[in-house]
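Asks: Sharing a structure here in structure tokens format.
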């Protein structure tokens, strides 16, 4: 009986080792851990952020807000701040400040997602933002936590805004219906038109538009 138990235990260990040593990543092969969130204004950490960043206010009655849900900051270390008049947005990550896209003439940063699209074990922070003097345009980008840099996708969605959607465990962008209470309190709802998907292809993170996907 002892020999039988020992054989079963040994077989279990062998199978476990084989499963972990087949050369495949142990990370999930889908993006099931996508976390979506929108602007959540508060005064948390604002004073400390202004001291670290030394940002100058552009308007006399301008205020800075932390627009990050506390659960996101606790889990990933991201602290996102936004000015309520000029719409400039910033990320504070590991005591360094990063600009999050253009903002002049638009809404600035509007919606966010945390996901490990390139499956390197470190989650990126994705964001949508809008700007435009005369022509409103919505764009997307991400902060690469591995290389500590902001990357902006070379695509503009004109005259409308975009919002992130977790579509079947994939990070997608859809046209958004926007409710603006203030520039730091903006709600976005998913519209009907799909704009594209954020994917890892050709060894880099890319925004593949629906038009590109359909023509390919």
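Asks: From zero outward in steps of 10 Å, how is the percent of C-alpha pairs of the range 90-216 spread across the bins?
Replies: Pairs per bin, as whole percents: 12, 45, 34, 8, 0.
Asks: Distance in nm between label sites at residue 59 and residue 144, each 7 Å beyond Cα in the beta-carbon direction?
Replies: 3.5 nm
Asks: Under the Kirkwood approximation applied to all pairs of distinct alpha-carbon atoms, what is the hydrodynamic radius of the range 44-126 in Å?
Replies: Computed over Cα pairs of the range 44-126, the Kirkwood hydrodynamic radius comes out at 13.5 Å.
Asks: How large is log10 I(q)/I(0) at q = 0.15, 0.16, 0.22, 0.32 Å⁻¹ when the Debye formula is applied to the Cα atoms of the range 101-153, each weighted equally and without solvent?
Replies: Taking Cα atoms of the range 101-153 as identical point scatterers yields -0.43, -0.48, -0.75, -1.18.
Rule-based calculations on the coordinates, nothing more; no lab input. This is a predicted model, so every value here is computed, not measured. Counting neighbours? That spans all protein chains shown, and the Cβs are built from the backbone with ideal geometry, glycine included.
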